[in-house]
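What follows is calculated from the coordinates using simple rules that are stated; it is not laboratory data. Quick caveat: nothing in here was measured; it's all calculated off a predicted structure. Neighbour counts run over all protein chains shown; Cβ positions are idealised from the backbone, glycine included.
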Amino acid sequence: MKKFKTIDIWISIILIISFTIISLINLDYTFLIGYIVVGAWQVISMIVHAFDGRFAERGSKRYTYHWIVAIIFMIALLGVAIYPILFYLLFILLFVSPFMAVYYVWLCFDEVRKMNQRPLALLK
């Protein structure tokens with residue numbers, strides 16, 4: 001799992017940086033494609049981490065993040081039936097999503113750092 005987390009971090013970083021640069025160069029709808037690609041990658045990563053179970057116990061940062069994403073997903077499903085809810089949610093996510101993506105990369109990085117610590121260092 002440590003290898004997957006490391007690869008996951010690098011793929012996320014590369015996707016975020018490359019779509020940011022491409023969006024600044026093109027100045028068109030490319031940033032929306034970036035949102036979808038980075039978001040899809042991180043959702044796949046979240047599913048893999050959920051099945052693994054490490055760092056996902058109650059009260060952990062990952063557990064909280066998973067619940068926040070699940071609530072956003074449930075609001076989006078509700079918004080399909082009630083138009084204004086979906087519109088407002090998507091507008092909010094337009095500004096919040098980049099911060100969530102960067103936070104998720106930091107979360108994975110922090111978990112890899114903890115996995116690389118020696119066992120006695122975890123006793124602090």
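State to the nearest 20 debye the size of the charge dipole of segment 2-116 about its Cα centre, where the only charges are +1 on K and R beta carbons and -1 on D and E beta carbons.
The calculation lands at about 440 debye.
Shown here: the chain, whose C-alpha atoms stretch 52, 35, 22 Å along the first, second and third principal axes, sorted largest to smallest. Over segment 1-76, Cα pairs under 8 Å with separation of 6+ residues give a relative contact order of 18 percent.
Helical content of the chain, expressed as a calculated mean residue ellipticity at 222 nm, amounts to -29500 deg cm²/dmol (DSSP H runs of 4 or more residues, -39,500 (n - 2.57) each, divided by residue number, nearest 500).
A straight chain from F109 to N26 at 0.36 nm per residue would run longer than the Cα-Cα distance by 26.9 nm. Between R58 and S18, the simple spin-label model (points 7 angstrom out along Cα→Cβ) gives 4.1 nm.
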